[in-house]
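Everything below concerns the one structure shown next.
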Amino acid sequence: MADSNADLDAFRAEARTWLEDNFPASLKDKGLAPWGARQEGVHVDDDARAWQASLGAKGWGTPTWPAEYGGGGLTNQQARVLQEEMARIGASNPIPAVAIMGVTMVGPTILDYGTKEQKQRHIPPICRGEIAWCIGYSEPNSGSDLASLSTRAEDKGDYWLINGQKVWTSGANAADWCGALVRTDTSKPKREGISFMMVSMKQSGVTTRPIQLISGSSPFCETFFNDARAEKNDLLGPLNEGWSVGKRLLQHERASQTGGRGSGSGPAPKPIHEIAKTYVGTDEQGRLADLDLRGRIVEQVMAAAAHTLTTRRIAAEAKGNVQVSAAQSIMKNSATIVGQLHAELMIEIMGNQGLGWEGEGFSKSEIDATRAWLGGKAQSIYGGSYEIQNNIISKNILGLPETTQKG
Amino acid sequence: MAALTEEQSMIRDQAQNWTSSESPVKKFRDMRDGNVEAAFLPETWQSMIEMGWTGIIVPEAYGGSDLGYLTFGLILEETGRNLTASPLFASALVGASAFTIAGNEEQKQGWLPRIVDGSTIATLALEEGPRHGPEQVALKAEKSGNGYTLNGSKTFVMEGMAATALIVPARTSGKPGDQTGITLFIVPADTGGVSRHRLQTVDSRGFANIDFANVEVPAENILGEVDAGYGPLTQLLDRARAGMGAEMLGTANQAFDMTLEYLKTRKQFGQIIGGFQALGHRAAQLFTKKELVRSCVEAALTAIDEDADNTQELASLSKAKAGEFMHQMSNELIQMHGGIGMTDEFDAGLYLKRARVLENAFGNQAYHRDRYARILGF
Ligand SMILES: Cc1cc2nc3c(=O)[nH]c(=O)nc-3n(C[C@H](O)[C@H](O)[C@H](O)COP(=O)(O)OP(=O)(O)OC[C@H]3O[C@@H](n4cnc5c(N)ncnc54)[C@H](O)[C@@H]3O)c2cc1C
């Protein structure tokens, strides 16, 4: 929906007043640090708690979700204005982070496929940041070939009985609920016997074991279902049509990763070429002293510019509504290239200082760059790997045959 | 594709229909085989004039339609697709821009209507060495009487044999490499002392070397201020680069479409070759680049239309990115066609050759990466 400029100006004034009244000054420019990404032992102080509560009550943590289920009911343009106003005063939106996969993936999928009753039950707690979700898709023997998954859900009359193992479940140890793909019919071809189930993680049949990543952090787990249960009305979408539901969720995931939607983070980071100047120095012409590095940095900066322009072009062509579409495979791979190149260059720019792990001798921003470099390697693996995206583009967009490629 | 106005869509459709029916690649091939000196066909040029393409960026007061550079880009994309040979780019975009940027009222009135009606073919005669170097101008202009005398040479002048008016950056003070001391002159091609030498280039288009021996230019043919031509020249070059980005996008897109078509029809080992993942993935990556490049091209043209502050940055981004994609795409065009791609009878070679010429014009990828970094301050 297009808003007139006058309407947007009025909304801007409303947002500004509301933010002035509700945003605690102590949180200015703190980003998400006060929430500690839900890690155990991080104390969330009163101001952070209060800010999350008022944002959640207003629905502005999930600004474009329907107001009747606790969202903000804003248009995309209004949401952008809200984001600008929050950035202006250094305010962050903690709700997407505390909901883990709730805001970026599960919520939009419930809004797409859920019954009215399911939406009423599951959406408002996500909007308030009270309930966190994880995604249980991958299994030890089913990664890219997800449709081969074998975790079973048996119909026990008044509940579903679930057995099997998931892996790489991000945030599973902190999550309250899991959006899981399970096999509900073993007699059918692999894609046709899968259902999407909403499973409570807070039950004795579910256990999780954290996996440590190369970046040192441990945000994901192995998840075991041993006679776990799901309620009959926690099947999302039709029985045995979970493959479509699950695919839609992945499209939402891609949309959230391609810069199509943002969640108001801290102040803008320093451009990479400015950081390079402080480490590498400049020559008499003001150019970066290492000309080979300079050439590679400018390529990355130009690739990033092309990516940003394309994100904008896609949004403009969709007339303000960022669609979930096949084009997102393109944008995911482009974002991956831009992001991973950036991270590699940052380490190279810093030289020895980019090779610290922890402790003395390295600044916080240096350690962060190193960890981001390692963590960023996952970008070409999760959410459909780089190769799988290329399969999708060649098959679904270009119409090339599926012969020696699957997925 | 940018959200187009109704008028823009009409022009794009017209350009698509006209190029595919009246100016397909076959036309270009015949022209090449006929060894036409002007390197375009008079009827092609005449149709373009009649369709109003020569007035797209010219203000209405001087006989144009003032539809802007993004609109011009839509046409260039289509002529690029079909390798249509004509002075459209050199005269109606670059030549006309020189006058809208730097011309005084009298010069605009004198030249622009003639560019629009086709009686003047204007072109920029800038380069003096093998690599793009707008500040390397050495061609000497010395004051004599009321005007100037020009001595020196220009190389690789686009449509150099067909042009009737040359826009000549010349050195009025300082030395090659200095940005100040460059002045822009309008030199009718039939002026005494101007001699042209046809170049037979790899892409069979109309390039010439031009010598200037004691060429007298009256003061009223100075475009803009004496010694201060570098600023308007830069503006002019950015328009040329952005426009050429659109042409390159069209050329590369056609190469992409030809390749994709082949991947869907050619069979080996009992299967369509597009089913080989090694090829399918390269096609997917090329498609991704193609979409990224379109955004850069449209952004640069739009920046010119809106007189945006970051026009220089976007012109370099567009030229470099279009060059990178077209370079890779033209190589893959040959490779993915196998042996047939190597035959002159098939069109792939025409695209490869054209690609390298466009890539080199107005600064290659390396030039624009360096410039982009300088603009950003590193
Ligand atoms: C940080 C991180 C977070 C994650 N979070 C979650 C989560 O929350 N929930 C969840 O369910 N999963 C999650 N995953 C799992 C992720 O979705 C899988 O890792 C991914 O689907 C790849 O599966 P795999 O690891 O089994 O690799 P494999 O599928 O075994 O792939 C191995 C290699 O083979 C390539 N390959 C596979 N098939 C093809 C093909 N047809 N054509 C060409 N190449 C192919 C792949 O691209 C890859 O390079 C996460 C992963 C990471 C790294």
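Quick notes on this one:
- Criterion: out of contact with any strand residue (DSSP E or B) (no Cβ under 6 Å at 6 or more places or on another chain), within 16 Å of B:LEU301 (Cα to Cα), of a type in the set (D, E, K, R) and not assigned by TED's automatic domain parsing to the domain that holds B:MET258 - qualifying residue of B:GLU50, B:GLU77: B:GLU77
- The residue that is farthest from B:SER295 (Cα to Cα), among those in the range A:297-322 that are more than 10 Å from chain B (Cβ to nearest Cβ) and open to solvent by 40 Å² or more (accessible area, probe 1.4 Å), is A:ASN321.
- Being surrounded by 23 or more Cβ atoms within 10 Å (Cβ to Cβ), outside any loop (DSSP other than H, G, I, E, B) and outside the structural domain of B:ALA61 (by TED's automatic domain parsing) is a property that B:ALA96 lacks.
- Only one entry of A:SER195, A:SER204 meets the criterion of being farther than 30 Å from A:MET331 by Cβ and hydroxyl-bearing (Ser, Thr, Tyr), and that entry is A:SER204.
- Taking the range A:79-182 as the region of interest, the strands (runs of 3 or more DSSP E) fully inside it that hold 2 or more residues being closer than 17 Å to A:ASN226 by Cα, near the ligand (Cβ under 10 Å from one of its atoms) and open to solvent by less than 50 Å² (accessible area, probe 1.4 Å) are A:159-170.
- As for the range B:254-264, it holds at least one residue that is open to solvent by 10 Å² or more (accessible area, probe 1.4 Å) and more than 14 Å from chain A (Cβ to nearest Cβ).
- Boolean, B:PHE28 is touching a Ser or Thr at 6+ places or on another chain (Cβ under 6 Å) and more than 14 Å from every other protein chain (Cβ to nearest Cβ): no
- Selected residue (criterion: farthest from A:ARG287 (Cα to Cα)) from residues of the range B:342-378 that are of a type in the set (Ser, Thr, Tyr) and within 14 Å of chain A (Cβ to nearest Cβ): B:TYR367
- Subset of the range A:387-399 [within 13 Å of the ligand (Cβ to nearest atom) and crowded, with 18+ Cβ neighbours inside 10 Å]: A:ILE388, A:GLN389, A:ASN390, A:ASN391, A:ILE392, A:ILE393, A:SER394, A:LYS395
- Just one of the listed residues (B:THR44, B:THR54, B:THR79, B:THR84) is among the hydroxyl-bearing types (Ser, Thr, Tyr), farther than 22 Å from B:THR311 by Cβ and outside any helix (DSSP H, G or I), and it is B:THR84.
- Pairs linking a residue in the range B:296-325 that is within 11 Å of chain A (Cβ to nearest Cβ) to a residue that is among the hydroxyl-bearing types (Ser, Thr, Tyr), with Cβ atoms under 6 Å and 6 or more positions apart or on different chains, are B:CYS296/B:SER318; B:VAL297/B:SER318; B:ALA300/B:SER318; B:ALA303/B:THR311; B:SER316/B:TYR372.
The values are calculated or read from the model by the stated rules, or taken from the named source; none is laboratory data. The model shown is predicted, which means the values in this text are computed figures rather than measured ones. Glycine gets a Cβ as well: all are built from the backbone with ideal geometry, and neighbour counts include every protein chain shown. Heads up: the accessible areas ignore ligands, DNA and RNA and are worked out on the full protein's heavy atoms, side chains in. Shrake-Rupley method; radii C 1.70, N 1.55, O 1.52, S 1.80 Å.
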